Structures are given as C-alpha cells and as structure tokens.
1. Given (1) closer than 30 Å to V32 by Cα; (2) in contact with an Asp or Glu (Cβ under 8 Å, 6 or more places away or on another chain), where does L261 come up short, assuming only one miss?
2. Within the stretch 313-331, identify whether any single residue is of a type outside the set (S, T, Y), assigned to a helix (DSSP H, G or I) and in contact with a helix residue (DSSP H, G or I) (Cβ under 6 Å, 6 or more places away or on another chain), and answer yes or no.
3. Would you mind telling me which numbered condition in (1) assigned to a strand (DSSP E or B); (2) within 22 Å of Y94 (Cβ to Cβ) T280 fails?
4. Determine, yes or no, whether E199 is outside any loop (DSSP other than H, G, I, E, B) and assigned by TED's automatic domain parsing to the domain that holds L414.
5. Inside the stretch 95-143, can you point out the residues that are β-branched (V, I, T) and touching a Pro at 6+ places or on another chain (Cβ under 6 Å)?
6. Mind listing whichever residues of the stretch 283-312 are over 22 Å from V345 (Cβ atoms) and in a helix (DSSP H, G or I)?
7. Given the structure, is P318 under 18 Å from G389 (Cα atoms) and either under 32 Å from the mean Cα position of the chain (by Cα) or surrounded by 18 or more Cβ atoms within 10 Å (Cβ to Cβ) (or both)?
8. Select from the stretch 249-292 the residues that are under 17 Å from the mean Cα position of the chain (by Cα) and aliphatic (A, V, I, L, M) and write down the one among them that is farthest from G400 (Cα to Cα).
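The values are calculated or read from the model by the stated rules, or taken from the named source; none is laboratory data. Predicted, not measured: the structure shown is a model, and the values here were computed from it. Glycine gets a Cβ as well: all are built from the backbone with ideal geometry, and neighbour counts include every protein chain shown.
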Amino acid sequence: MPSPFNRLRACALLLLSLAGGHALAATPAHVVLVSIDGFRPDFYRNASWPAPNLQGLARSGASADGVVGVLPTLTYPSHTTLITGVRPGVHGIYGNTRFAPEVESAEWHIDSSEIQARTLWQAVRAAGLSSAAISWPITRNAPIDFNLPEVWYYEKPDDRTPAIRDFATPAGLLDEIEKQATGKLRGIDVDYRHLAMDENNSRALAYLIRHYRPNLAAIHLVAADTAQHASGREGEASRRAVASVDHALGTLLDAVDQAGLSSSTWFVVVGDHGFTDVHTQLAPNVWLAQAGVDAAGAGWQAAFHAAGGTAFLHLRDPHDPGTLARVREVLRGLPPAIRDAFEIVEGTALQEEAADPRALLALVARPGFLFSNRSTGDAARPARGGAHGHHPGLPELRTGLLLAGPGVPAGRMLGELRLEDVVPLVARLLRLPDFANRPLPPALDFLP
C-alpha cells in the first residue's frame, strides 16, 4: 500500500505534467503548517532517528540544511515570526514571558492582540479563505475560524482544558472534537509533559481537515522540546519524543489523504529553534544584587530579562548613565571563567538582531550555559539537559524545514533558510495578496 508521502509525490508529478501549472491556480489550495518545537534537521537527515514520516517527506519533497532563527531562539518569539515573517523587534513578542521585575513570576504572552504585526491568520481571512489552528502560541482571540489556542488559567495550570474550552473558536469546538475525534479530554491528555498531548492535538486537527477542509491548518507539537530540555539533544527520552511527533505527523498525512485533498495540499513542516546541551545556569541579577543594584521588586533599578541562552538588560530609567556604568563595572569584575561564558552584544550589533528594542545590551551565552531570572541564591548553579534561547547563529540552534506537495521536486535540497522565509512561502502557496511583496529566497524559485 502506498504511503501518504508517496501519494503526495505522485500527485506532484501529475500536476507538473499539466501545462504551465494553470491547474494549480484553479484548485483551492491548502497548506498544513506543522511546527515541531525543538525541530532539528538531523531528525530527517540522519536515518538513526525514529522519524519515517519526516524522512519520507524529505525524500518526496524539499528539505533545508538548516533554518536560522531569531534572537532569542525561544518558542513564543519564534512562533510569532513564523506567522508574521518579521523579527521580534518588529512583531513585539520579545520573549516567552513579559518583562516584569516587580513580580516573582511574569505572565506569558497569550492574547493575539499583543502581536504588533500582520499575521497569516489575518491575511487568510482577508483573502476569503479559512483557517484552523491547534495549540499555536498567542492565538487567544485570533481571527482563526477553527481554533483551540495554547492557553491556560494560572490558578490551574496543570489542566488546560477549561481555558481551551472557554477560548475555543467557535464556541463549543472542543466539545465537538471530543465527541468526534479524541474522546473526553482530561488535563493530563493535553499536558505538555506527556506524549499524549501531541497525539490528541493531531487527532483534533485531522478531524478539522477532514470535516472542514481549512485552507490553512496549523499545529504546534511540543514533545520534542519537552524531552530535549529534560534529557538533552541525544537522550533516550528525546528519541521517544521524536517518534511520537513523527506519528502525529503521520496522522495529519492520513487525514489529508482521507479528505481527498492530496492533489491540492502542501505540507510545510517547520520548527522554532534547535537545542544545545547545558551544564551551568548563570543568574546575572544575582551579580547585580550582590553589587548593591536592586534587580527585583517595586524598587528595581536594573534587571536582566533571561530568555534561556540570552539575557536582556533593562534599566528602570533608560537614560540613567550612572546605573548603566555600575552594571558594566559588575560585568567587568566577574571571574574570567564566568566572563568567558557569554558575549556582550550592544549598540549597532544588538539593533541588527531586531530583538527587544528596550534592552540596552544583551548577554548571549556560549554553548553549555544558560541564564536565569533569579536575583537570590547562588550566581552559578549546575544545569542538565538541553536549552535554547541562544544566538541563532549557533549551528546547534538551527531548526529545520520540509516542504512537500504539488510542484515540489523530490529530494530537492534548499540549503540554509531563515525563519522569516516561512510567511512568504505560505503566502505564495495560498496566493495571499497581503504578503505578495515579501520575496521568496532563491532556493524556492521552483514554486508556481
């Protein structure tokens, strides 16, 4: 029996035989945008990883050697770049959480109104097309036709189902999916710490594809990220998680085939960041506190906003040269072994990264190190597992990209791409006027 990705390839060859690709323009287009958190190119380049669907798409379609992300290489800024095509300094999501040194635990970005750039969701709706999204970050109240957002209530974070049910679009969508696709969901069934979350979410999107046929169907799969944080890049838990994510992708491939949409559907499989193994956690706000600079609470003067492998410096008064000078003095006085653990990025170099425009400078950790927001306790602690948030130029922080569907040559190598390239790619496939001025990289010039 032919596999789903071989059917995609067969459809592509058939459509390529039609003159000028005019049949593609006449057929309603569909894109399945699959984001694998912590996605790495070796999952499809290295056959030792248990990922037959990912590797099958690489053979039947096109694949990138790597995708350069944004600073910081965190989930929420990166996912916002994936649906806006611009970097954090433009779209306004500078980290997973808000900078709030006055409180012990800052809130995460949740609502779509926080995004300051035009999104694919808006462009799809403006073009008169339909969309669906499952567990995509910062989609509460987004203009998505069928949406189960990544959302939770802080008073009950271990059970996301009440918040998902309350903010589903349309109202009652989670009830419908439970009845038609997943069965009754408990908190543990949509808990990012368990493989069941991706399994259930893929079943939910598969149902929406079969039943509603959205032009853009997007999903955020999280198991590979959770496992790599816990066990590192090569841990056994990471291999199990990749196998689980690959199975979820297979569920979506089957759904497209079952819906009879293979001849008009492209799969765009992307990630948000890679991973680096870590051994030491640094707390720069402890350095400030030890030097007498208030870095937390209502009276804070200066504070670093940690973002995994990057920490952004904020001043209460950005025009206070005295406090900035004290911070620089603190950094200069660190022991050489600690000072060599990171690079200071500021001025023009920081502006070119288009990261948090409020930051006066950034500490960018070298592989093996990550930062914490703590302002008390030890300034350096042992760490284990993996992390991200580091500079996107690090090879191990590269993420991946696969493209399969009509008109995509089998086995095509795309070289290195950028995270910002995903929006013009999806816009070209769906013929979205909103992003018509966004150029595609030369590696994708074969697209109709």
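1. The single condition L261 does not satisfy is (2).
2. First, pick out the residues of the stretch 313-331 that are of a type outside the set (S, T, Y): 313-322, 324-331.
Okay, now just the ones that are also assigned to a helix (DSSP H, G or I), so 321-322, 324-331.
Within this subset, residues satisfying the condition of being in contact with a helix residue (DSSP H, G or I) (Cβ under 6 Å, 6 or more places away or on another chain) are 330.
Yes: the stretch 313-331 contains one or more residues that are of a type outside the set (S, T, Y), assigned to a helix (DSSP H, G or I) and in contact with a helix residue (DSSP H, G or I) (Cβ under 6 Å, 6 or more places away or on another chain).
3. Here T280 meets the rest and fails (2).
4. Values: outside any loop (DSSP other than H, G, I, E, B): yes; assigned by TED's automatic domain parsing to the domain that holds L414: yes.
So E199 fits the description; yes.
5. Initial filter on the stretch 95-143 (β-branched (V, I, T)): 97, 103, 110, 115, 119, 124, 134, 138-139.
Within the stretch 95-143, T139 is the sole residue that qualifies.
6. A289, Q290 - these are the residues of the stretch 283-312 that are over 22 Å from V345 (Cβ atoms) and in a helix (DSSP H, G or I).
7. Details: under 18 Å from G389 (Cα atoms): no; either under 32 Å from the mean Cα position of the chain (by Cα) or surrounded by 18 or more Cβ atoms within 10 Å (Cβ to Cβ) (or both): yes.
Here the answer is no, as P318 does not meet what is asked.
8. In the first step, residues of the stretch 249-292 are kept if they are under 17 Å from the mean Cα position of the chain (by Cα); the result is 249, 267-276.
Retained after the next criterion (residues that are aliphatic (A, V, I, L, M)): 249, 268-270.
Working: L249: 15, V268: 10, V269: 8, V270: 6 Å.
Out of the qualifying residues, it is L249.
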